[in-house]
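Novice: Please see the structure below; I have some questions.
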Amino acid sequence: MSRLELLVDRDGPLTRAAVLTDGRLTDLHIDHAGRPSLLGAIILGRVERIATGLNGAFVDLGNGLSGLLPAADVRRAILDDDSPQSRPHRPGAKPAPIGALLRTGQPVLVQVKADAAGAKGPSLTMDITLPGRFLVHAPLGRDIAVSKRLGSGPERATLARRIEQLATGAGWIVRAGAAQISDDLLAAESEALHLQWRAIRDDARAGSAPRLLHSGPDAPTRALIEQGAAAPDAILVDDPPPAGGIRIGDGPLLSGLRDWCGNHAPDLLPRLGGHTDAQRLFDLRDLDAAIAELLDIRVPLPLGGSLVIERTEALTVVDVNAGERGNPLDVNLDAAAEIARQLRLRNVGGIVVVDFVNMRSRGDAERVLAALSQAVESDPVQTQVYGMSKLGLVELTRARRGTPLAALLRP
């Protein structure tokens, strides 16, 4: 069985959370103090302007920032009652005109579903969700939805019934890993998420807009949430030394993570500890070099050959080079696994086009497509492989979430 570790440190303005699988970097989350992300933040905003042409509204988020709320993401006001809310239009149906749903100056409770990118401001929704390791609370919903990754067997219905009996409140999305989790942990997480929602809702009712009510999870907690049921075997936190050189008790990183685990993941507390070695944790595990390599356009493949990853304004292009290896199928199968890893580590979003090495048969191409689809399946960010074009190019998309790694690490 693979050994999972979560290593956390602070390096200047960067808070870094690295997931290692058997010593190899497999996931990376970074916060930049000077370039904060709003992803997942819940804000009491105010409708600034109705954009009829976009069928959306620009919402004032405070601090001179506004985001676009499409009509399809508008939900009924939740500030005056505690009942679950329904969609103002049928799923799949054309949304109502934005002018019939919102008015200028109206306070709206929104969540940031994508950070600002280029000239575009943040993308917003009124479908509030609070993510946990096993469950996602969707407090404006009524239903229990089970991850499609569990297939279509009877275990889906069994798991839905379990959550219905255990969960506090209504509106739950059940992650695939929840099937192996004890009732006690599922009930504890549902209660923590429901209490979190009630505090946000009460805060929204108590003050004026615009106002930040709830920040999205920071880098260490994002790492734990996205690991889901695959809990790290060890969580090591390397807090920077205090200004006076003498620390009494936990540092701020360890203290914050201990508080979060106490409320949301008590099973992880015995695995959480501080790094006490004189040498920095990321230096000791050679992670600075591994992170720096993620900025290179060329990536060597484990068994020979390489990838060239280049970003254009419209899309990301990945070229697979065979090098001195003779079997295109073997090169492409190695490349499929590494492409999935690189997209995740670099936080690449949008359209991706892959030029694999030319293969001898359609059967080989189908094997490579299957390998790529399987490799991206565990990515917590929605990734869709669309197939191979007539020119032999494989097209896929990966949802934009947060800031790409290259933008976070640029000077």
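The values are calculated or read from the model by the stated rules, or taken from the named source; none is laboratory data. Just so you know, these numbers come straight off a predicted model, no measurement behind them. Every residue, glycine as well, gets a Cβ built from its backbone with ideal geometry; the counts of neighbours run over all protein chains shown. Just the protein is used for accessible areas: all its heavy atoms, side chains included, with ligands, DNA and RNA removed. Shrake-Rupley method; radii C 1.70, N 1.55, O 1.52, S 1.80 Å.
Novice: Could you give me the residue pairs with C-beta distances under 9 Å whose first residue belongs to region 13-25 and is more than 16 Å from residue 225 (Cα to Cα) and small (Gly, Ala, Ser), whose second residue is outside any strand (DSSP E or B) and open to solvent by 10 Å² or more (accessible area, probe 1.4 Å) wherever it lies, and which are 6+ apart or on separate chains?
Specialist: 23/3; 23/285
Novice: Next question. Tell me, please, whether a residue that is among the charged types (D, E, K, R) and part of a loop (DSSP other than H, G, I, E, B) can be found in region 221-228.
Specialist: Here is the first cut: in region 221-228, the ones among the charged types (D, E, K, R) are 222, 226.
Imposing the further condition that a residue be part of a loop (DSSP other than H, G, I, E, B) reduces the set to none.
Among the residues of region 221-228, not one is among the charged types (D, E, K, R) and part of a loop (DSSP other than H, G, I, E, B), which makes the answer no.
Novice: For region 17-46, give me the residue count where each residue is touching a strand residue (DSSP E or B) at 6+ places or on another chain (Cβ under 7 Å) and of a type in the set (Asp, Glu).
Specialist: Number of matching residues: 2.
Novice: Another question, if that's okay. What is the residue count in region 197-220 for residues that are more than 22 Å from residue 10 (Cα to Cα) and assigned to a loop (DSSP other than H, G, I, E, B)? Step through it out loud before you land on a result.
Specialist: Filtering region 197-220 down to residues more than 22 Å from residue 10 (Cα to Cα) leaves 197-214.
Then keep just the ones that are assigned to a loop (DSSP other than H, G, I, E, B); that gives 207-210.
Count: 4.
Novice: Could you figure out which of (1) open to solvent by less than 50 Å² (accessible area, probe 1.4 Å); (2) modelled with pLDDT under 95 isn't true of residue 361?
Specialist: Every condition holds for residue 361 apart from (1).
Novice: Now, a different point. Out of (1) of a type in the set (Lys, Arg); (2) over 23 Å from residue 18 (Cβ atoms); (3) at pLDDT 95 or above, what's the single condition that is false for residue 271?
Specialist: For residue 271, the failing item is (2).
Novice: Collect the residues in region 106-137 that are open to solvent by 20 Å² or more (accessible area, probe 1.4 Å) and at pLDDT 90 or above, keeping them in residue-number order.
Specialist: 106, 107, 113, 123, 127, 129, 131, 136 - these are the residues of region 106-137 that are open to solvent by 20 Å² or more (accessible area, probe 1.4 Å) and at pLDDT 90 or above.
Novice: Among the residues of region 369-384, write down those that are of a type in the set (Gly, Ala, Ser) and open to solvent by less than 40 Å² (accessible area, probe 1.4 Å). I'd like the intermediate steps shown before the answer.
Specialist: Here is the first cut: in region 369-384, the ones of a type in the set (Gly, Ala, Ser) are 370-371, 373, 375, 378.
Correct list: 371, 375.
Novice: Cβ contacts < 7 Å: first residue free of Cβ contacts under 8 Å to residues at least 24 places away in the same chain, restricted to region 316-331; second residue in a loop (DSSP other than H, G, I, E, B), any location; separation 6+ or different chain. Result?
Specialist: Final answer for the pair search is 323/304; 323/305; 324/304; 325/304; 325/305.
Novice: I need every pair where a residue in region 382-405 that is farther than 14 Å from residue 39 by Cβ has its Cβ under 7 Å from the Cβ of a residue that is aromatic (Phe, Trp, Tyr) and open to solvent by 80 Å² or more (accessible area, probe 1.4 Å), sequence separation at least 6 or different chains.
Specialist: What qualifies is 395/386; 396/386.
Novice: Check whether at least one residue in region 329-345 is open to solvent by 20 Å² or more (accessible area, probe 1.4 Å), under 30 Å from residue 125 (Cα atoms), under 16 Å from the mean Cα position of the chain (by Cα) and of a type outside the set (D, E, K, R), and report yes or no.
Specialist: No, because not a single residue in region 329-345 is open to solvent by 20 Å² or more (accessible area, probe 1.4 Å), under 30 Å from residue 125 (Cα atoms), under 16 Å from the mean Cα position of the chain (by Cα) and of a type outside the set (D, E, K, R).
Novice: Something else: Please indicate, with yes or no, whether at least one residue in region 301-312 is open to solvent by 80 Å² or more (accessible area, probe 1.4 Å) and in contact (Cβ under 8 Å) with a residue 40 or more places away in the chain. Walk me through how you get there before you give the answer.
Specialist: From region 301-312, those open to solvent by 80 Å² or more (accessible area, probe 1.4 Å) are 302-303, 310-311; that's our starting set.
Checking the rest, the ones that are also in contact (Cβ under 8 Å) with a residue 40 or more places away in the chain come to 311.
Checked against the condition, which is being open to solvent by 80 Å² or more (accessible area, probe 1.4 Å) and in contact (Cβ under 8 Å) with a residue 40 or more places away in the chain, region 301-312 yields at least one hit.
Novice: Checking the conditions here, which among 176, 231, 219 is of a type in the set (A, V, I, L, M), open to solvent by less than 40 Å² (accessible area, probe 1.4 Å) and modelled with pLDDT under 90? Write out each step before concluding.
Specialist: Numbers: 231 fails: modelled with pLDDT under 90; 219 fails: modelled with pLDDT under 90.
After applying the criteria, what remains is 176.
Novice: Considering region 129-178 alone, what residues qualify as being without any contact (Cβ under 8 Å) to a residue 60 or more places away in the chain, of a type outside the set (A, V, I, L, M) and touching a strand residue (DSSP E or B) at 6+ places or on another chain (Cβ under 7 Å)? Working first, answer last.
Specialist: If we filter region 129-178 for residues that are without any contact (Cβ under 8 Å) to a residue 60 or more places away in the chain, which is where we start, we get 129, 135-136, 138, 141-148, 150-169, 172-178.
Filter once more, so that each one left must be of a type outside the set (A, V, I, L, M): 129, 141-143, 147-148, 151-156, 158, 161-162, 164-165, 168-169, 172, 175, 177.
Passing the criteria: 129, 147, 156, 164, 172, 175.
Novice: Just need a number here: residues in region 341-372 that are farther than 13 Å from residue 301 by Cβ and part of a helix (DSSP H, G or I).
Specialist: Residues that pass the stated criteria total 15.
Novice: Within region 385-407, track down each residue that is surrounded by fewer than 18 Cβ atoms within 10 Å (Cβ to Cβ) and in a strand (DSSP E or B).
Specialist: Result: 386, 387, 393, 395, 397.
Novice: Assuming residue 308 fulfils every condition listed in (1) in a helix (DSSP H, G or I); (2) modelled with pLDDT of 95 or more apart from one, which condition is it?
Specialist: Failed condition: (1).
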